[in-house]
Amino acid sequence: MSFEEPLQNFPSNDPVDDATTTNMILEKQIKKTPEQYLWIHRRFKTRPEGAKNFYKSN
């Protein structure tokens, strides 16, 4: 685990900017050791008809 400097002016009055900031921080941490990230979220569990299913094994 590592700690960064505290964020300045966070949270702000811009929820999109705040979400972008937190996502960038999370992405940076995941990229350090992606094998330790919990990769079970099924984000694409519903797909348009005919679209590739990302979760079916070949």
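Bear in mind that the values in this text are calculations on the coordinates, not laboratory data. All of these numbers come straight from a predicted model, not from anything done at the bench. Cβ coordinates were reconstructed from backbone atoms using ideal geometry, including for glycine residues, and neighbour counts include every protein chain displayed.
Restricting the first member to region 39-53 and to residues that are among the aromatic types (Phe, Trp, Tyr), and the second to residues that are part of a loop (DSSP other than H, G, I, E, B), the beta-carbon pairs closer than 6 Å and six or more apart or on different chains are 44/54.
Looking at region 7-40, which of its residues are assigned to a loop (DSSP other than H, G, I, E, B) and not aliphatic (A, V, I, L, M)?
Step one: filter region 7-40 for residues assigned to a loop (DSSP other than H, G, I, E, B), giving 7-14, 33, 37-40.
Those that are assigned to a loop (DSSP other than H, G, I, E, B) and not aliphatic (A, V, I, L, M): 8, 9, 10, 11, 12, 13, 14, 33, 37, 39.
Cβ-Cβ distances below 8 Å connect the following pairs, each with a first residue in region 14-25 that is free of Cβ contacts under 8 Å to residues at least 40 places away in the same chain and at negative phi, a second residue that is outside any helix (DSSP H, G or I) and surrounded by fewer than 10 Cβ atoms within 10 Å (Cβ to Cβ), and a separation of six or more residues or different chains: 25/4. Restricting region 14-58 to residues that are of a type in the set (Val, Ile, Thr) and surrounded by 10 or more Cβ atoms within 10 Å (Cβ to Cβ) leaves a set whose member that is farthest from residue 4 (Cα to Cα) is 20.
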